[in-house]
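Worksheet for the structure shown next.
The values are calculated or read from the model by the stated rules, or taken from the named source; none is laboratory data. Model, not experiment: these values are computed from the prediction. So basically every Cβ, Gly included, is an ideal-geometry build from the backbone, and we count neighbours across all protein chains shown. These area figures cover heavy atoms from the full protein model, side chains too; ligands, DNA and RNA do not enter into them. Shrake-Rupley method; radii C 1.70, N 1.55, O 1.52, S 1.80 Å.
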Amino acid sequence: MNVLSLFDGIGTGKFILDCLKIENKYYFSEIDKNCVELVSSKYHDAINVGDVTKIDYSKFPRIDLLLGGSPCQGFSFSGKHKGFVDDRSILFFEFLRAFIVLKPRYFMLENVNMKTDYVNKISDYIGLRPIVLCSSSISAIRRKRLYWTNIPFYGLRGTPKKIVEILNSSVFFKDITNKYIEIKEDTSYWKKTRANTISLEGQAFSLTTNCMSMGNNGFSIIKCKNKYYSLSIQALEILSGYPENYTFGYSDAIRANMIGNAWQVDVVKQILSGVCNTK
Ligand SMILES: C[S@@+](CC[C@H](N)C(=O)[O-])C[C@H]1O[C@@H](n2cnc3c(N)ncnc32)[C@H](O)[C@@H]1O
């Protein structure tokens with residue numbers, strides 16, 4: 001099938017379709033040079049169609065599956081709530097343009113949890129309501145997202161996991177005890193870091209585009225036997241459902257950013273599996 005993945009990031013759509021053995025000709029739109037390089041080097045037959053705002057769909061083949069997770073900063077509860085006027089979130093209308101012009105057989109639009117007003121507006125444009133799914137119900141990381149899709153889907157199958165079940169080697173943890181105990185009490189940073197401290201029996205917090213804080217990328221800080229640990233980049237990849245070192249070749253900051261932006265693979269895989277199950 002012909003697939004167009006807008007705002008493609010690190011090629012999660014391609015990775016999942018290949019895992020599911022769904023034959024695909026993969027067109028992707030992305031402007032971040034590191035993401036483009038990563039996807040092009042991993043998937044030699046994937047075709048980069050560049051900036052989404054400049055795509056001329058009159059020259060496009062039939063698209064069977066349209067994918068996209070448009071930039072979410074204006075919609076996110078943690079952002080400035082500029083909504084559709086945010087110059088990144090406005091790119092949702094580029095998804096809409098492709099959706100209207102290409103009339104794909106299947107589509108999936110992903111975005112963050114957002115104000116009801118925004119959800120309603122997007123749903124009106126797309127013509128259906130989103131499914132709300134949190135990866136914590138089938139993995140060891142929390143990522144609550146909205147999915148507008150016409151792919152047949154009957155709910156996530158699986159059970160919640162603990163970090164210790166997924167990350168079973170000490171190589172995924174970096175000892176940051178000294179740094180952790182130096183944080184001044186009652187500062188906002190102290191409160192935030194305490195709030196992000198969990199045990200190995202817990203689940204990692206949702207990654208953000210800026211998940212570099214304590215140590216390497218200690219968005220979630222793990223407490224174990226009076227020691228404190230941050231998660232390695234490889235741990236973030238595995239928790240997000242990617243193979244270890246999927247983003248190898250870039251600095252930790254860039255890799256954390258790529259993974260923080262990306263889909264949770266286990267969840268999207270279950271959604272996209274409906275594509276092959278449908279005649
Ligand atoms: C939220 S991320 C999507 C990540 C992707 N779903 C994944 O799993 O990796 C949004 C992406 O949109 C890209 N983007 C921003 N402006 C764009 C544009 N004008 N054309 C194409 N991609 C763009 C960003 O570089 C970023 O990688």
Query raised in the report: Which value does Rg/Rh take for region 23-70 over its C-alpha atoms, Rh per Kirkwood?
Result: 0.94
Query - Surface per residue (accessible, 1.4 Å probe) for the chain, Å² - result: 48 Å²
Query raised in the report: Using a probe of 1.4 angstrom, how much of the accessible area of the chain is carbon and sulfur, in percent?
Result: 53 percent
Report summary line: Ranking VAL3, PRO160, PHE172 by how far each Cα lies towards the positive end of the charge dipole of the chain (+1 on Lys and Arg Cβ, -1 on Asp and Glu Cβ), the top one is PRO160
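Add +1 for every Lys or Arg and -1 for every Asp or Glu among the other residues with Cβ under 11 Å from the Cβ of GLY69, and state the total. Write down the numbers at each step before the final one.
Values: positive: ARG145; negative: ASP8, GLU110.
Here the count lands on -1.
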Query raised in the report: Between region 216-268 and region 154-183, what's the alpha-carbon centroid distance in Å?
Result: 9 Å
**Report entry** Karplus (6.51, -1.76, 1.60) ³J(HN,Hα), θ = phi - 60°, over region 160-174, in Hz, Gly and Pro reported as x
**Finding:** x, 10, 9, 3, 4, 6, 9, 10, 9, 9, 5, 5, 7, 10, 10
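Is it possible to state the helix-based mean residue ellipticity at 222 nm for the chain, with each DSSP H run of 4+ residues giving -39500 (n - 2.57), the sum divided by total residues, to the nearest 500 deg cm²/dmol? What is it?
Details: 10 runs with 88 residues, N = 279.
The helix contribution divided over the chain gives -9000 deg cm²/dmol.
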**Report entry** Net charge over other residues, Cβ less than 14 angstrom from the Cβ of ARG97 (K, R count +1; D, E count -1)
**Finding:** -1
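Compute, for the chain, the length of the dipole vector about the Cα centre, with Cβ point charges of +1 (Lys, Arg) and -1 (Asp, Glu) only. Units Debye, rounded to 20. Could the numbers behind the result be given before it?
Values: 36 positive and 26 negative charges, 128 e Å.
Charge dipole of the chain: 620 debye, to the nearest 20.
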Query raised in the report: Over what distance in Å are the Cα centres of region 95-113 and region 20-67 separated?
Result: 14 Å
Query raised in the report: At a probe radius of 1.4 Å, what is the per-residue accessible area of SER251, in Å² to the nearest 10?
Result: 60 Å²
Query raised in the report: For the chain, what log10 I(q)/I(0) values come out of the Debye formula at q = 0.10, 0.11, 0.12 1/Å, with one point per alpha carbon and no solvent?
Result: -0.53, -0.64, -0.76
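Given a Förster distance of 22 Å, report the FRET efficiency between TYR125 and ARG105 from their Cβ-Cβ distance, rounded to the nearest 0.05.
Efficiency computed from Cβ-Cβ geometry: 0.75.
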Report summary line: In the neighbourhood of PRO130 defined by beta carbon distances under 15 Å, the net charge of the other residues (Lys, Arg +1; Asp, Glu -1) is +3
Report summary line: Any residue on another chain or 5+ positions along whose placed amide H is under 5 Å from the amide H of ILE221 is listed here as THR197, ILE198
